[in-house]
Each structure stands twice: as structure tokens, then as C-alpha cells.
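These notes concern the structure reproduced below.
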Amino acid sequence: MSAIKNIAIIGAGPAASTLAVLLRRKGCHVVLFALPDRHPILVGESLVPMIVPMLQDLGVEAEVAAFSQYKPGACFTYNADEVFEMRFADMPKDLPSYSYNVPRVDFNATLLAAAQKAGAKLVARKVNLIQQGDSDKLTLDAESLAAAADFWDGGQPDLIVDAAGRMNLIGRLLNIPMTKGPRQDIALFAHVDETELVDPGYVHNDRMEQGWCWRIPLPGRVSLGFVVPEDYARQQGDSAEQQYDNLLKTDAVLRRLAPKTKRVTEVIRYQNYQSISERLCGKNWVMLGDSGGFVDPVFSSGMLIAMDSAYKLADVVLNDQPLTDYEQSVQQHLQAWFEIVGYYYNGRLMTSIKVGRSLKENLFNRWLFPWIAAHVSRVFSGAAATRPFSRRVLRYLVQYGLKNLNPDVYKIH
């Protein structure tokens with residue numbers, strides 16, 4: 001039986017709610033501390049296929065499907081002309097053949113309701129964490145503790161989970177450094193009424209003149225976000241709205257993909273892309289989801305990493321394993337996606353895919369291409385991002401499988 005029974009989770013996003021459900025199933029006393037979301041829209045709306053089994057396990061897939069857009073695949077466009085499509089039904093048969101594009105406010109609410117139904121307590125307040133001397137042991141402030149006193153018999157929790165997102169509460173309190181990735185872009189994000197779409201359910205990733213954008217079809221609208229260098233965004237105006245609207249009007253690619261598009265929400269600006277905390281756990285605390293690191297939105301890996309991390313953390317807690325086992329596993333997952341994302345930005349991924357699609361038709365290639373495609377699709381579905389062999393296959397392709405093609409043709413600037 002786990003020695004950790006009383007758990008405080010700061011935050012009520014998908015990772016927090018998933019962890020709460022899993023721990024409550026085994027009798028842990030879980031309190032979620034969170035204030036209502038301030039923004040009407042949230043980034044992280046496109047789910048990879050390997051999240052579907054998690055939704056089924058949590059008992060929420062039917063509800064999620066009811067308010068979401070069915071997602072049969074993904075596509076990448078270059079200069080609004082060249083399109084690379086990937087249909088999930090073409091992946092190995094043991095992988096889910098679909099996923100969902102989700103309105104995040106509804107998605108968050110569904111998972112939070114599942115956590116409360118499982119018996120987790122929600123306390124609507126901001127928590128102040130207190131460091132004990134020079135140690136890395138943390139405690140809750142007296143008011144937060146009092147709000148949960150009847151749930152924990154008045155004592156401090158055995159474990160504090162920072163699942164409050166990129167605010168990185170524990171990291172800031174303990175001055176834990178963040179390792180930065182090679183790109184420090186910003187994202188400007190809003191919902192619009194419509195855009196051109198290759199498929200009404202695909203998540204679309206499009207190279208712009210600078211950076212790239214996503215188009216995620218949702219019921220009745222499209223999520224349209226731009227990931228661009230910060231100095232380039234500043235050239236477009238002072239406010240997030242000015243920057244977004246000017247990019248929409250002036251970028252040559254966007255003028256073709258979204259010629260009649262009208263913005264229907266406020267613009268949200270995100271920073272701190274590509275960063276991983278050098279520590280994810282301490283004496284009685286742990287970081288979960290974006291609080292511990294965020295790679296990049298390009299392959300929709302953020303939600304996968306967050307929810308998968310919740311499963312990993314639950315296993316560690318319930319089996320009385322060291323928290324460092326969780327830390328090592330999650331850092332490996334984040335580093336794996338760092339590598340994968342890099343192949344998108346340097347153009348080598350799409351160049352290798354183009355080479356594969358141009359292979360001459362013969363018996364050997366008819367065997368080789370499906371074998372390679374199976375390993376690559378396992379990586380991007382989320383099933384094998386951390387499996388060494390599948391990643392070695394991908395690494396070999398992008399290093400040695402380009403023939404004489406120049407990867408700069410597909411590079412993201």
C-alpha cells in the first residue's frame with residue numbers, strides 16, 4: 001500500500017484531473033486547488049491518437065466526442081501548395097485510427113467533473129507554498145490547509161503536485177533552472193470563423209513566411225494560431241491583437257489559406273516555448289504537465305505528455321517508487337519530443353517523407369516503405385516517441401535518407 005495518501009494538486013487542467021481520478025481509484029485523499037480559467041480559449045486543442053485510450057480509461061470519451069470535432073488525421077502544407085497528409089487509419093492496426101479536436105474549456109470541465117465524481121475535492125483558491133528553511137520541503141499556507149482540513153484530518157499533505165501550468169510555481173519558489181530549447185518563439189492564438197481546409201477534421205500545420213501556423217477545426221469555428229520568432233511578432237504591432245491581425249492580413253501564406261477569415265475571440269499570447277525544468281521532484285513535491293516543461297505545439301504533443309505523465313506519476317505513487325523514477329521518465333519523454341520537433345524545424349523530416357513517397361516501385365521498396373512508415377507513425381501518434389528503436393529509425397531517415405534533396409526547402413524560418 002502506498003505511503004502517500006494525502007495529495008494536494010495545484011491546478012485543475014487535464015493532467016491534474018487525470019491524476020486525481022487515478023489516485024482516487026486507489027483510495028488516496030486528493031484535493032485540487034484551482035481558480036476558474038480566466039481565458040475563454042486555451043491552447044492544446046488537437047489530441048494525438050494515443051490519448052483516446054486514456055479517455056476511454058477515464059470514462060469520458062463519449063462526452064468528449066459529443067462536443068468535439070472528429071480528427072481522422074493531420075496535414076502539413078508548404079507555401080500553401082505542397083501538402084503532406086497522414087491519415088490515422090493508415091497507421092498500424094493496433095493504434096487508434098482517430099482522435100479529436102477539442103474545445104479546451106469543455107475538455108477541461110469534463111475531466112475535472114470526472115475527478116470530482118471519483119471523489120476528489122475542489123477548492124477554489126490560490127495556494128501559497130512555503131519553503132521549509134533551506135530545504136526543498138514545501139508546505140501549504142495556513143488558509144489553504146484549513147480549506148482542506150476536513151479532507152486530510154488537519155495535517156499537511158504527503159505530496160504537493162504543481163500542475164498549474166507554465167507559471168512553474170515550485171520552480172520559481174526554489175529557483176530551479178529551466179533548460180531552454182534552440183527556439184524561443186511566441187504563439188499568438190485566437191478562434192476564427194473559417195479558413196480553407198484540406199479535410200474538415202485534420203489538424204493543419206502550415207509554414208508561413210516566418211514561423212508556422214496551426215489550423216484546428218472545431219465545431220462552428222477554427223482555432224488559428226501563429227508560432228513565430230518574438231522579434232518578428234513585435235514588428236507587427238504593440239498588442240497581441242495588432243500582431244495577430246496584421247499577420248493575418250500581410251503574410252502571403254495566410255492570405256491564401258485564410259482569405260476571408262474573421263477573428264471571433266480575443267488573442268492569447270503564449271511564451272516560454274521549448275523549456276524543461278532541471279528538476280521535476282523534491283522531498284515532498286513534484287511537477288506535472290507544463291509546469292515541468294513544454295516542448296512545442298507543432299505535433300500536438302503537449303497534451304499527450306501531460307496526461308501520460310499523470311499516469312506515470314500515479315504508478316510511481318501507488319507503487320511506492322521513488323519520485324525520481326517519474327522524473328527520469330518524464331524528462332526522457334520531453335527530450336525525445338525535443339529531438340523530433342527539431343527535425344520539423346530544420347526541414348529534414350518533410351524531406352525524408354518526400355523521398356519515401358518518391359521511391360521506385362519494386363518488391364524491396366514495397367516491403368521497406370510500410371515497415372518504415374509503421375515506425376514513424378508510431379512516433380507521431382504518441383505510441384513510440386520514447387522507444388529507442390523507432391526513434392533510431394527516424395534518426396537514420398532524417399540523417400541519411402534525404403538522397404540529394406536540400407532540407408532547407410522545408411526549413412521553418
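Can you tally the lysine pairs in segment 1-146 where the Cα-Cα distance is under 28 Å and the two residues are eight or more apart, or on different chains?
Eligible lysine pairs with Cα atoms under 28 Å apart amount to 14.
Pick out the long, greasy-scoring helices in the chain: whole DSSP H runs spanning 18 Å or more along their own axis by Cα, mean Kyte-Doolittle at least 0.0.
Span-like helices, by this rule, are 104-117, 301-318, 363-381.
Is the shape of segment 185-270 best called rounded, prolate or oblate, per the rule: a/c under 1.5 gives rounded, else a/b larger than b/c gives prolate, else oblate, with a ≥ b ≥ c the square roots of the Cα gyration tensor eigenvalues?
prolate
Suppose we keep just the DSSP beta bridges with both residues in the chain; what percent of those would be antiparallel, to 5?
Once the DSSP bridges in the chain are tallied, antiparallel ones form about 70 percent.
Using helices alone, what [θ] at 222 nm do you get for the chain, with -39,500 (n - 2.57) per DSSP H run of 4 or more residues, divided over all residues and rounded to the nearest 500?
-11500 deg cm²/dmol
Among rounded, prolate and oblate, which fits segment 42-195 when a ≥ b ≥ c are the square roots of the eigenvalues of its C-alpha gyration tensor, a/c under 1.5 means rounded, and a/b larger than b/c means prolate? List each step's numbers first, then the result.
Values: a/c = 2.53, a/b = 1.66, b/c = 1.53.
Prolate is the answer for segment 42-195, as a/c is 1.5 or above and a/b outweighs b/c.
For segment 189-196, in order, what is each residue's ³J(HN,Hα) by Karplus, 6.51 cos²θ - 1.76 cosθ + 1.60 with θ = phi - 60°, in whole Hz (x at glycine and Pro)?
Per residue, the Karplus-derived 3J(HN,Hα) values read 9, 7, 9, 10, 6, 6, 8, 5 Hz.
Could you tell me the relative contact order of segment 275-335? Use alpha-carbon pairs under 8 Å, at least six residues apart, and round to a whole percent. Don't jump to the answer; show the numbers that get you there.
Values: 55 pairs, mean separation 21.2, N = 61.
Once normalised by length, the contact order is 35 percent.
What ranking do 249, 137 get, fewest neighbouring Cβ atoms within 10 angstrom at the top?
249, 137
Return a whole-number percent for the relative contact order of the chain, with Cα pairs under 8 Å and 6 or more residues apart as the contact set.
20 percent
Mind ordering 305-317, 114-126 by average Cβ neighbours within 10 Å, highest first?
Packing proxy ranking, top to bottom: 305-317, 114-126.
Every read-out reported here was derived from the displayed coordinates using simple, explicitly stated rules and does not represent laboratory data. Everything numeric in this text was worked out from a predicted model, so none of it was measured. No Cβ is skipped: glycine too gets one built from the backbone with ideal geometry, and neighbour counts run over all protein chains shown.
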